[in-house]
Amino acid sequence: MIGAGGAGLRAAIEARLAGKKTAIISKSLFGKAHTVMAEGGAAAAMGNVNSRDSWQVHFRDTMRGGKFLNNFRMAELHAKESPQRIWELETYGALFDRTKDGRISQRNFGGHEYPRLAHVGDRTGLELIRTLQQKIVSLQQEDLREHGSYDARIRVFAETTITELLLDGDRIAGAFGYYRESGEFVLFEAPAVVLATGGVGRSYKVTSNSWEYTGDGHALALRAGATLINMEFLQFHPTGMVWPPSVKGILVTESVRGDGGVLKNSEGKRFMFDYVPDVFRKQYADSEAEADRWYDDPDNNRRPPELLPRDEVARAINSEVKAGRGTPAGGVYLDIASRLPAEEIRRRLPSMYHQFKELADVDITQEPMEVGPTCHYVMGGVEVDPDSGAAFGHVNGLFAAGEVSGGMHGSNRLGGNSLSDLLVFGKRAGGHAASYADGLASRPRVPVPAVEAAVETALAPLQRDTGENPYTLQQDLQAVMGDLVGIIRREGELVDALSRLGELRERVAKVSAAGGRRYNPGWHLALDLRNMLVVSECTAKAALERRESRGGHTREDHPAMDPAWRRVNQVCSLEGDIVRLDRKPLPRMRPELFALFDRAELAKYLTDEELAEFDVLAE
Ligand code: FAD
């Protein structure tokens, strides 16, 4: 397993339960992954707080949130299997917040029709990782009893970065990397690899992502012959901190809005009512009075527009700031202080309370927060078979799960759907990787020249005396992506971005890192840069080609959603060093899933031709 977030750990548990020997490799410390930072919760239609919830409603919300570009089968499996994965976590020792009658409590979140996020205050990811790690430790204790060693069947390699996948022909044979501390190299021989490396946010200036998220898994997959889909879709979370500058981008959880927080501009106006798009008008309140009533009486009122999907809210904030109605630091206000008693805010949102107190000297029980969009999540990722997580393309034995995989969330992910995604598809990928290994007639062998090439590539930045500093190159890359391939995109800027990425490619090829191999972050970044670059090229190319606006891809010059584009996935691959982009039709949704939607709603997304097919099926 490359990655020790929720997807990697859940996959490792499944592979170990299937009797396989598994290495869990993590670039950062064991336990420090984005999963641990998740605050709001994991979405699962358990129906504990509103019994009307069901997998069908969750499926519908997910497809709507992704603007119907989702891989329907992934959305279906996710909606059906999330509740089991959450209950299963409690058998591993998790303890979620409870309802008054003792069931797992569920909170509201953007785009979810009913309260659906299982949570532990605003520290849900911590509980998720703690529990998965605890399960792993208990399996290692079993292994000690049975085989005499904790590491007999699961071994953790923390602070170990994989730089290359190794192939025997078109079969995965292993992975190559280095230990961060010593700089020594390490070779893993493995017939199957699960990529669970998370996102790409560090290619952007303002991001909620931490240093490790440089698109490594995406790039490893490309170089191994796999394909990426939907790379034009990046989620800019509407609420990141905007002040002080040193913490710009750090996430402010959506739970603040789920628990009653409202967005206001510098004139004190609750502006989200002005930004409800037609496709969502039926489900969202059109007055403050109705929106406020919804928190206590959701069955007879419509939801507040602050809980629209993230892409809508991020664009609305962007427009308010651009129109001169922003805060002094260039964001908008998020007010929970006037909505809940101070004690309740501290109880429900303890991390947010401390985050603002410590980082910005703001008491969120007394004053509003200043927030603005921050690059948060990549919807695009490795193109996989929905049931098994096996990567498409010219490679066998490669699997992907969690944020590094693509398709599940379409053009926009709903909050809470990532934690459940990584549990559902982590389990599936781990199980299928184990079966794949079982089915091999012969074990693939790592070719020596491939290892020699990996060593040479890894050492190159240390051996160049001249060449640019990796930090300068990263800043330049972040400037290109943030300024030209950001939240609002335009053709001219995307063309410019591609030409600058071309120049950066030449500069990155000559990057030089000072110092030696022992704990050398400059060297590590030099190696990450080629991953960031190739993934950024995929994003910029796909963004230029997709001439419409949908979810996490907004084109100022093509502001409408175009039903013809809904049928298209853009597929990114590598030919030598060159990023190639192809179009591929989206898999067709099964008729019984289509039947879960009103025709009037489908008409907003589908082409006339698709609607005609739907009408025939409905007869
Ligand atoms: P991660 O948890 O990101 O783990 C990736 C792992 O891969 C890490 O161990 C990393 O070290 C390792 N890795 C990366 N590259 C390499 C390499 N080259 N070699 C070896 N290891 C490597 N989602 C929700 O559903 N609900 C929420 O409330 C929520 N809140 C969030 C809050 C924050 C602040 C952030 C940043 C994200 C939040 N998300 C939330 C999103 C969600 O947390 C992530 O999408 C999800 O945790 C990704 O899980 P993962 O297992 O795919 O990867």
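The values are calculated or read from the model by the stated rules, or taken from the named source; none is laboratory data. As the structure is a prediction and not an experimental result, all values here were calculated from the model. Positions of Cβ are generated from backbone atoms using ideal geometry, with glycine treated the same way; all protein chains shown enter the neighbour counts.
Some notes on this structure:
- Residue count for the range 210-239, restricted to those that are near the ligand (Cβ under 9 Å from one of its atoms), surrounded by fewer than 24 Cβ atoms within 10 Å (Cβ to Cβ) and either more than 30 Å from Asn396 (Cα to Cα) or among the basic types (Lys, Arg) (or both): 1
- None of Arg73, Arg52 is more than 16 Å from the ligand (Cβ to nearest atom), more than 22 Å from the chain's Cα centre (by Cα) and surrounded by fewer than 24 Cβ atoms within 10 Å (Cβ to Cβ) except Arg52.
- The set of residues in the range 286-298 being among the aliphatic types (A, V, I, L, M) and within 11 Å of Arg270 (Cβ to Cβ) consists of Ala291 alone.
- Residues that are within 13 Å of the ligand (Cβ to nearest atom) and out of contact with any Gly (no Cβ under 9 Å at 6 or more places or on another chain), drawn from the range 8-31: Ala23, Ser28, Leu29, Phe30, Gly31
- Test for Glu81: is it among the charged types (D, E, K, R) and either within 22 Å of Met37 (Cβ to Cβ) or touching a Leu at 6+ places or on another chain (Cβ under 7 Å) (or both): no
- Any pair with Cβ under 9 angstrom, 6 or more apart, that starts in the range 171-199 at a residue that is without any contact (Cβ under 8 Å) to a residue 60 or more places away in the chain and ends at one that is assigned to a loop (DSSP other than H, G, I, E, B): Tyr179/Glu159
- Just one of the numbered conditions (1) more than 9 Å from the ligand (Cβ to nearest atom); (2) in contact (Cβ under 8 Å) with a residue 24 or more places away in the chain is not true of Asp151: (2).
Listed here are the residues, each with its yes/no results for (1) in a helix (DSSP H, G or I); (2) within 23 Å of Gly215 (Cα to Cα); (3) modelled with pLDDT of 95 or more; (4) of a type in the set (Ser, Thr, Tyr).
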| residue | (1), (2), (3), (4) |
| --- | --- |
| Ser351 | yes, no, no, yes |
| Phe356 | yes, no, yes, no |
| Thr365 | no, no, yes, yes |
| Gly372 | no, no, no, no |
| Tyr377 | no, yes, yes, yes |
| Ser388 | no, yes, yes, yes |
| Phe399 | no, yes, yes, no |
| Gly410 | no, yes, yes, no |
| Gly415 | no, yes, no, no |
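- Single unsatisfied condition, Lys269 versus (1) in contact (Cβ under 8 Å) with a residue 60 or more places away in the chain; (2) out of contact with any strand residue (DSSP E or B) (no Cβ under 6 Å at 6 or more places or on another chain): (1)
- Between Asp335, Asp297, the distinction of being more than 30 Å from Ala196 (Cα to Cα), without any contact (Cβ under 8 Å) to a residue 40 or more places away in the chain and not aliphatic (A, V, I, L, M) belongs to Asp297 only.
- With respect to (1) part of a helix (DSSP H, G or I); (2) under 24 Å from the mean Cα position of the chain (by Cα); (3) over 20 Å from Ala526 (Cα atoms), the lone exception for Pro449 is condition (2).
- Selected residue (only one of Ala542, Ala560 is out of contact with any helix residue (DSSP H, G or I) (no Cβ under 9 Å at 6 or more places or on another chain), assigned to a loop (DSSP other than H, G, I, E, B) and aliphatic (A, V, I, L, M)): Ala560
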